[in-house]
Amino acid sequence: MALLFKSEIDRADLWAEALGGCAPDLEVRIWPEAGELSEIEYALVWKPPQGLLKSYPNLKLIFSLGAGVDHLTSDSELPEGVPVLRMVEPGLTAGMTEYVVMSVLMHHRRMVDYAGMQRDRVWEVLPTPLAADRKVGVMGLGVLGADAAAALAGLGFDVAGWSRSPKSVPGVAAFHGADQLEPFLARSEILVCLLPLTAETGGILNARTLALLPRGAALINVGRGELLVEEDLLPALDAGQVTAATLDVFASEPPAPEHPFWTHPRVVLTPHCASITVPDSGARAVVENIRRFEAGEALLHVADLGRGY
Ligand code: NAP
Ligand code: GLV
């Protein structure tokens with residue numbers, strides 16, 4: 001039983017150790033040292049090269065190292081009929097909630113304004129509402145969005161969420177579907193985007209939708225870079241329609257050195273680090289699905305490739 005591991009960012013040694021700790025019989029092979037190709041039954045990957053996965057004739061399951069599967073659905077040669085499993089593990093969820101809470105609080109308490117005032121040696125107190133009077137919108141009420149929304153509601157924010165199908169998260173006002181996007185955006189003073197990148201969601205943050213936000217809203221994009229039409233954000237920032245943005249993901253990563261986001265005074269930029277799968281808990285999630293597969297039980301967190309997430 002062999003598993004192929006392929007990633008440029010996740011540490012192969014830590015993953016091999018974690019997988020070995022919960023499945024001693026699982027032989028972990030680190031790409032490109034795959035050995036005999038026919039022996040690879042499982043693949044745990046992040047951004048595999050186009051066509052790589054079809055070269056394993058006995059592949060049974062494809063595990064994404066991350067929550068998103070757009071790095072797999074973009075492979076036009078993805079082997080047909082092999083289930084693709086999203087990464088759902090408590091470390092990834094907790095890390096994202098930390099990042100979202102940090103970012104929402106930062107915009108809520110006007111830290112981008114205060115950073116500029118510090119640079120200019122301006123000593124002035126800016127008005128700030130209480131969390132209960134601040135409307136936060138979370139686009140995507142899935143595993144990550146629902147946890148972040150619940151944590152924000154727990155801090156007292158007035159939180160709403162938007163999803164494809166109706167969802168219920170305690171303390172969170174629920175909007176869903178294309179028809180309810182407009183009223184959802186119209187109330188989102190701080191907008192968090194935690195959507196997956198699919199054929200339907202690409203470019204969803206654009207000049208039209210940013211204009212639907214209350215004037216002076218803040219944007220936090222932690223989903224995928226291509227959800228945002230980057231060239232539409234700059235005029236919205238310059239006009240004050242969007243007061244500030246925290247961006248963790250970009251259409252091209254890293255953004256080119258001359259990209260205006262690097263130096264924009266109202267953009268907080270981080271290197272796609274909002275949350276990263278934790279090897280120990282991630283390995284347990286992978287091994288549980290292998291166990292289920294071999295026992296003929298239902299798999300957990302199977303991506304719907306038709307929907308794209
Ligand atoms: P998930 O559980 O699959 O949830 C996706 C959510 O988006 C669901 O609520 C879904 O609606 C909603 N959605 C999908 N298409 C939609 C549409 N057309 N209209 C409205 N809502 C739509 O995914 P997750 O585990 O929460 O992860 C979300 C994304 O976060 C990942 O795909 C990835 O891109 C990103 N991510 C980023 C980082 C980072 O470090 N920046 C880390 C991890 C993940 P339904 O509930 O109705 O299905
Ligand atoms: C990271 O971007 C993920 O999809 O987990």
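The values are calculated or read from the model by the stated rules, or taken from the named source; none is laboratory data. This is a predicted model, so every value here is computed, not measured. Ideal geometry is used to build each Cβ from the backbone, glycine not excepted, and the neighbour counts take in all protein chains shown. Protein only, heavy atoms only, side chains kept; ligands, DNA and RNA dropped before computing areas. Shrake-Rupley method; radii C 1.70, N 1.55, O 1.52, S 1.80 Å.
Checking a compactness column here: for the stretch 62-110, what do you get for Rg(Cα) / (2.2 N^0.38 Å), N being the number of residues?
Rounded to two decimals, the normalised Rg is 1.63.
Secondary structure note: in the chain, about 5% of the DSSP beta bridges are antiparallel.
Ellipsoid semi-axes for the chain, based on the Cα gyration tensor and the rule √(5λ), read 38, 20, 18 Å when sorted largest first.
Rounded to the nearest 20, the size of the Cβ-charge dipole of the chain about its Cα centre is 940 debye, with Lys and Arg at +1 and Asp and Glu at -1.
Which value in deg cm²/dmol, rounded to the nearest 500, describes the helix-derived mean residue ellipticity at 222 nm for the chain, given -39,500 (n - 2.57) per DSSP H run of n ≥ 4 and division by the residue count?
Values: 9 runs with 93 residues, N = 309.
Rounded to the nearest 500, it is -9000 deg cm²/dmol.
Only one residue of 66, 140, 170 has its Cα farthest out toward the positive end of the dipole of the chain, where Lys and Arg carry +1 and Asp and Glu -1 on Cβ, and that residue is 170.
What number comes out for accessible area per residue over the chain if the probe is 1.4 Å? Units Å², please.
47 Å²
Calculation over all alpha carbon pairs of the stretch 90-269 in 10 angstrom steps from 0 returns a P(r) of 10, 40, 38, 12, 1 percent. Among the GluC sites (Glu not before Pro) found in the stretch 211-276, those both in a DSSP coil and sparsely packed, with 10 or fewer other Cβ atoms within 10 Å of their Cβ, are 258.
Dipole size of the stretch 161-309 about its Cα centre, with +1 on Lys/Arg Cβ and -1 on Asp/Glu Cβ: approximately 400 debye, rounded to the nearest 20. Could you tell me which residue out of 237, 22, 76 lies farthest along the dipole of the chain toward its positive end? Charges go on the beta carbon: Lys and Arg +1, Asp and Glu -1, centred on the Cα centre. The residue sitting most towards the positive pole is 237. Taking 7 Å steps out from each Cα toward its Cβ at residue 105 and residue 126 produces label points 1.7 nm apart. Projecting label points 7 angstrom from Cα along Cα→Cβ for residue 33 and residue 300 puts them 3.1 nm apart. Each label was represented as a point 7 Å from its Cα along the Cα-to-Cβ direction; for residue 262 and residue 280 these points are 3.8 nm apart.
I'd like the distance separating the alpha-carbon centroids of the stretch 7-80 and the stretch 257-309, in whole Å. Going from one Cα centre to the other spans 14 Å. Here, the stretch 1-159 has an Rg and a Dmax of 21.7, 67 Å when only alpha carbons are counted. For the stretch 93-133, applying the loop criterion from DSSP together with a ceiling of 13 other beta carbons within 10 Å to the chymotrypsin sites (Phe, Trp or Tyr not before Pro) yields 123. Protein heavy-atom surface of the chain, 1.4 angstrom probe: 56% of the accessible area is carbon and sulfur, with nucleic acids and ligands not counted. Taking 12 Å as the cut-off, the amide N atoms of the stretch 236-254 that come nearer than this to a point 7 Å along the Cα-to-beta-carbon line of residue 215 belong to 239-242.
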